[in-house]
Amino acid sequence: MNETNYDGMSLDELRQYVLTHREDDRAFQAYIDFSKATGRMISIDLNSDRTRRNFRSSNSKNSCC
């Protein structure tokens, strides 16, 4: 049983914990939830027309050939 107190960690501390305990799925989920709650993580709808236009535009600008 995992007794780690994720709620007692700052976001940066939790990030470091997740990076050193990659097998801890509960810690990863806590990190995702915390990141979303603090606004440090955004969600992108890959099926939206706006996302597709921006992605196409970005890729055409970075094209080398």
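Modelled spin-label separation between Asp12 and Ile44, with each label point placed 7 Å from Cα along the Cα-to-Cβ direction: 2.6 nm.
A helix-only calculation puts the chain at -17000 deg cm²/dmol for mean residue ellipticity at 222 nm, using -39500 (n - 2.57) for each DSSP H run of at least four residues, averaged over all residues.
Between the Cα long axis of helix 11-20 and the first principal axis of the chain there is an angle of about 90°, rounded to the nearest 10.
Residue by residue, region 31-36 carries 3J(HN,Hα) couplings of 5, 4, 4, 5, 4, 5 Hz when phi is fed to the Karplus relation 6.51 cos²θ - 1.76 cosθ + 1.60 (θ = phi - 60°); x denotes Gly or Pro. Per residue, the average separation of C-alpha pairs within less than 8 Å and at least 6 apart gives region 6-61 a relative contact order of 22 percent. Rounded to two decimals, the Cα radius of gyration of the chain over 2.2 N^0.38 Å is 1.61.
Throughout, read-outs are computed from the coordinates displayed, never taken from laboratory work. Note that the coordinates shown come from a computational prediction; the quantities given were computed from them, not determined experimentally. Methodologically, a virtual Cβ is constructed for each residue, glycine included, from the backbone with ideal geometry; neighbour enumeration extends over all protein chains shown.
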